[in-house]
Amino acid sequence: VTEVEMQSKATGEPVKLEYRMFTRDGRMIWVRDEATVARDENGNSFLSLGFIFDITERKLAEEQASRRADEFAMLYDTAHHLAQSQGDLKSVLQVIGNRAASLLGSSAAGFYLYDAAHGYLNLAVRVGNMFPPGIVRLKIGQGASGMAAQNRTTLIVDDYATWEHRSD
(Lines give C-alpha, C1' and ligand atoms only; values in the text may rest on other atoms or scores of the structure.)
Protein backbone atom coordinates (compact mmCIF):
# COMPACT_ATOMS: atom_id res chain seq x y z
CA VAL A 1 0.00 0.00 0.00
CA THR A 2 2.72 2.45 0.99
CA GLU A 3 4.68 1.73 -2.20
CA VAL A 4 1.60 2.42 -4.36
CA GLU A 5 0.89 5.66 -2.49
CA MET A 6 4.49 6.81 -2.95
CA GLN A 7 4.32 5.99 -6.65
CA SER A 8 1.06 7.97 -6.89
CA LYS A 9 2.71 11.03 -5.33
CA ALA A 10 5.60 10.76 -7.77
CA THR A 11 3.56 10.15 -10.94
CA GLY A 12 0.24 11.83 -10.13
CA GLU A 13 -1.66 8.64 -10.95
CA PRO A 14 -4.73 8.05 -8.75
CA VAL A 15 -4.60 5.23 -6.19
CA LYS A 16 -7.17 2.44 -6.45
CA LEU A 17 -6.50 -0.46 -4.10
CA GLU A 18 -8.42 -3.22 -2.39
CA TYR A 19 -6.96 -4.72 0.76
CA ARG A 20 -7.77 -6.06 4.19
CA MET A 21 -7.41 -4.13 7.40
CA PHE A 22 -8.32 -4.52 11.05
CA THR A 23 -10.89 -2.36 12.82
CA ARG A 24 -10.35 -1.00 16.33
CA ASP A 25 -12.42 -3.84 17.77
CA GLY A 26 -10.19 -6.43 16.04
CA ARG A 27 -12.44 -7.43 13.13
CA MET A 28 -10.86 -7.90 9.73
CA ILE A 29 -12.60 -6.04 6.90
CA TRP A 30 -12.01 -5.53 3.20
CA VAL A 31 -11.69 -1.93 1.97
CA ARG A 32 -11.39 -0.12 -1.35
CA ASP A 33 -9.02 2.83 -1.10
CA GLU A 34 -9.31 5.49 -3.80
CA ALA A 35 -7.16 8.60 -3.63
CA THR A 36 -5.56 11.25 -5.76
CA VAL A 37 -2.78 13.71 -5.12
CA ALA A 38 -3.43 17.45 -5.26
CA ARG A 39 -0.53 19.52 -6.61
CA ASP A 40 0.36 23.19 -6.39
CA GLU A 41 1.18 25.41 -9.39
CA ASN A 42 4.79 24.12 -9.33
CA GLY A 43 3.67 20.48 -9.53
CA ASN A 44 4.56 19.66 -5.94
CA SER A 45 2.17 17.37 -4.11
CA PHE A 46 0.66 19.03 -1.07
CA LEU A 47 -2.45 17.03 -0.31
CA SER A 48 -3.79 13.54 -0.79
CA LEU A 49 -7.57 13.35 -1.20
CA GLY A 50 -9.37 10.10 -0.99
CA PHE A 51 -11.99 7.80 0.37
CA ILE A 52 -11.92 4.38 1.96
CA PHE A 53 -15.00 2.22 1.43
CA ASP A 54 -15.91 -0.91 3.39
CA ILE A 55 -16.38 -3.61 0.74
CA THR A 56 -16.43 -6.60 3.10
CA GLU A 57 -19.91 -7.78 2.08
CA ARG A 58 -19.01 -7.64 -1.61
CA LYS A 59 -15.78 -9.57 -1.06
CA LEU A 60 -17.58 -12.23 0.99
CA ALA A 61 -20.22 -12.54 -1.74
CA GLU A 62 -17.47 -12.88 -4.39
CA GLU A 63 -15.71 -15.57 -2.35
CA GLN A 64 -18.97 -17.45 -1.87
CA ALA A 65 -19.80 -17.17 -5.59
CA SER A 66 -16.34 -18.49 -6.45
CA ARG A 67 -16.75 -21.43 -4.06
CA ARG A 68 -20.19 -22.19 -5.50
CA ALA A 69 -18.81 -22.07 -9.04
CA ASP A 70 -16.04 -24.50 -8.04
CA GLU A 71 -18.60 -26.78 -6.37
CA PHE A 72 -20.87 -26.68 -9.43
CA ALA A 73 -17.94 -27.49 -11.74
CA MET A 74 -17.00 -30.41 -9.50
CA LEU A 75 -20.61 -31.60 -9.37
CA TYR A 76 -20.80 -31.45 -13.17
CA ASP A 77 -17.51 -33.36 -13.45
CA THR A 78 -18.75 -35.93 -10.92
CA ALA A 79 -22.00 -36.42 -12.84
CA HIS A 80 -19.97 -36.92 -16.02
CA HIS A 81 -17.78 -39.57 -14.36
CA LEU A 82 -20.80 -41.26 -12.80
CA ALA A 83 -22.46 -41.50 -16.19
CA GLN A 84 -19.33 -43.24 -17.51
CA SER A 85 -19.15 -45.70 -14.59
CA GLN A 86 -22.16 -47.60 -16.00
CA GLY A 87 -23.56 -48.46 -12.59
CA ASP A 88 -20.49 -50.16 -11.11
CA LEU A 89 -20.94 -49.34 -7.39
CA LYS A 90 -17.23 -49.34 -6.56
CA SER A 91 -16.48 -46.93 -9.43
CA VAL A 92 -19.37 -44.67 -8.41
CA LEU A 93 -18.20 -44.58 -4.79
CA GLN A 94 -14.60 -43.93 -5.87
CA VAL A 95 -15.68 -40.91 -7.93
CA ILE A 96 -17.84 -39.58 -5.09
CA GLY A 97 -15.04 -40.14 -2.55
CA ASN A 98 -12.47 -38.32 -4.70
CA ARG A 99 -14.82 -35.38 -5.22
CA ALA A 100 -15.92 -35.23 -1.58
CA ALA A 101 -12.31 -35.18 -0.38
CA SER A 102 -11.49 -32.41 -2.84
CA LEU A 103 -14.55 -30.31 -1.94
CA LEU A 104 -13.85 -30.63 1.78
CA GLY A 105 -10.15 -29.95 1.36
CA SER A 106 -9.27 -33.36 2.74
CA SER A 107 -6.47 -35.69 1.69
CA ALA A 108 -8.57 -38.76 2.44
CA ALA A 109 -12.09 -40.14 2.40
CA GLY A 110 -13.74 -43.51 2.45
CA PHE A 111 -16.97 -45.42 2.18
CA TYR A 112 -18.11 -48.33 4.28
CA LEU A 113 -21.13 -50.36 3.25
CA TYR A 114 -23.34 -51.93 5.88
CA ASP A 115 -23.60 -55.72 5.92
CA ALA A 116 -27.00 -56.20 7.59
CA ALA A 117 -26.60 -59.98 7.81
CA HIS A 118 -23.51 -59.68 10.00
CA GLY A 119 -23.95 -56.16 11.47
CA TYR A 120 -20.62 -54.88 10.16
CA LEU A 121 -19.45 -51.98 8.03
CA ASN A 122 -17.16 -53.18 5.23
CA LEU A 123 -14.68 -50.76 3.60
CA ALA A 124 -15.72 -50.44 -0.03
CA VAL A 125 -13.55 -47.52 -1.19
CA ARG A 126 -10.65 -45.56 0.25
CA VAL A 127 -9.20 -42.29 -1.01
CA GLY A 128 -5.76 -41.32 0.29
CA ASN A 129 -3.96 -42.96 3.20
CA MET A 130 -6.36 -42.23 6.04
CA PHE A 131 -7.31 -45.85 6.66
CA PRO A 132 -4.84 -48.32 8.16
CA PRO A 133 -4.33 -51.13 5.64
CA GLY A 134 -5.71 -53.87 7.89
CA ILE A 135 -8.97 -52.21 8.86
CA VAL A 136 -11.57 -53.19 6.31
CA ARG A 137 -14.41 -54.09 8.68
CA LEU A 138 -15.87 -52.06 11.55
CA LYS A 139 -18.53 -52.69 14.14
CA ILE A 140 -21.30 -50.14 14.44
CA GLY A 141 -19.95 -47.49 16.85
CA GLN A 142 -16.30 -48.32 16.13
CA GLY A 143 -14.10 -45.52 14.71
CA ALA A 144 -15.39 -42.43 12.93
CA SER A 145 -17.39 -44.31 10.30
CA GLY A 146 -18.89 -46.66 12.88
CA MET A 147 -19.88 -43.73 15.10
CA ALA A 148 -21.40 -41.86 12.15
CA ALA A 149 -23.41 -44.96 11.24
CA GLN A 150 -24.51 -45.52 14.85
CA ASN A 151 -25.62 -41.90 15.32
CA ARG A 152 -26.88 -41.55 11.74
CA THR A 153 -25.14 -38.21 11.39
CA THR A 154 -22.16 -36.63 9.71
CA LEU A 155 -18.90 -36.74 11.61
CA ILE A 156 -15.86 -34.66 10.67
CA VAL A 157 -12.59 -35.43 12.45
CA ASP A 158 -9.85 -32.84 11.97
CA ASP A 159 -6.93 -35.08 12.96
CA TYR A 160 -7.78 -38.78 13.00
CA ALA A 161 -4.27 -39.69 14.17
CA THR A 162 -4.88 -37.95 17.53
CA TRP A 163 -8.63 -38.56 17.77
CA GLU A 164 -9.48 -40.37 21.02
CA HIS A 165 -12.10 -42.68 19.43
CA ARG A 166 -10.02 -43.83 16.47
CA SER A 167 -10.12 -47.45 15.42
CA ASP A 168 -6.70 -49.10 15.43
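The values are calculated or read from the model by the stated rules, or taken from the named source; none is laboratory data. Computed from a prediction, not measured in an experiment: that's the story for all the values here. Note: ideal-geometry Cβ built from the backbone for every residue, glycine included; neighbour counts use all protein chains shown. Keep in mind that these areas ignore ligands, DNA and RNA; they rest on the heavy atoms of the full protein, side chains included. Shrake-Rupley method; radii C 1.70, N 1.55, O 1.52, S 1.80 Å.
What the table shows:
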read-out	value
In segment 1-55, residue modelled with the highest pLDDT [restricted to those that are β-branched (Val, Ile, Thr) and more than 36 Å from the chain's Cα centre (by Cα)]	Thr36
Enumeration of residues in segment 59-101 that are closer than 28 Å to Tyr19 by Cα and in contact with a strand residue (DSSP E or B) (Cβ under 9 Å, 6 or more places away or on another chain)	Lys59, Leu60
Selection from segment 7-37 of residues that are closer than 29 Å to Glu62 by Cα, in a helix (DSSP H, G or I) and of a type in the set (A, V, I, L, M, F, W, C)	none
Residue check for Ser145: in a loop (DSSP other than H, G, I, E, B) and open to solvent by less than 70 Å² (accessible area, probe 1.4 Å)	no
Members of segment 11-23 that are loosely packed, with under 10 Cβ neighbours inside 10 Å and either touching a residue at least 24 places away in the same chain (Cβ under 8 Å) or among the hydrophobic types (A, V, I, L, M, F, W, C) (or both)	Phe22
Options Leu121, Leu93; residue that is within 27 Å of Leu75 (Cβ to Cβ), open to solvent by less than 70 Å² (accessible area, probe 1.4 Å) and at pLDDT 90 or above	Leu121
Options Leu155, Leu82, Leu123: the member that is outside any helix (DSSP H, G or I), in contact (Cβ under 8 Å) with a residue 12 or more places away in the chain and not β-branched (Val, Ile, Thr)	Leu123
Search result, residues across segment 38-58 that are closer than 18 Å to Glu18 by Cα and in a strand (DSSP E or B)	Ser48, Leu49, Gly50, Phe51, Ile52, Phe53, Asp54
Matching residues, segment 24-51, being touching a Lys or Arg at 6+ places or on another chain (Cβ under 9 Å) and surrounded by 13 or more Cβ atoms within 10 Å (Cβ to Cβ)	Ile29, Trp30, Val31, Arg32, Asp33, Glu34, Ala35, Val37, Ser45, Ser48
Residue in segment 59-68 that is among the polar types (S, T, N, Q), loosely packed, with under 11 Cβ neighbours inside 10 Å and free of Cβ contacts under 8 Å to residues at least 40 places away in the same chain present	yes
Where Val4 falls short, out of the listed (1) part of a strand (DSSP E or B); (2) open to solvent by less than 80 Å² (accessible area, probe 1.4 Å)	(1)
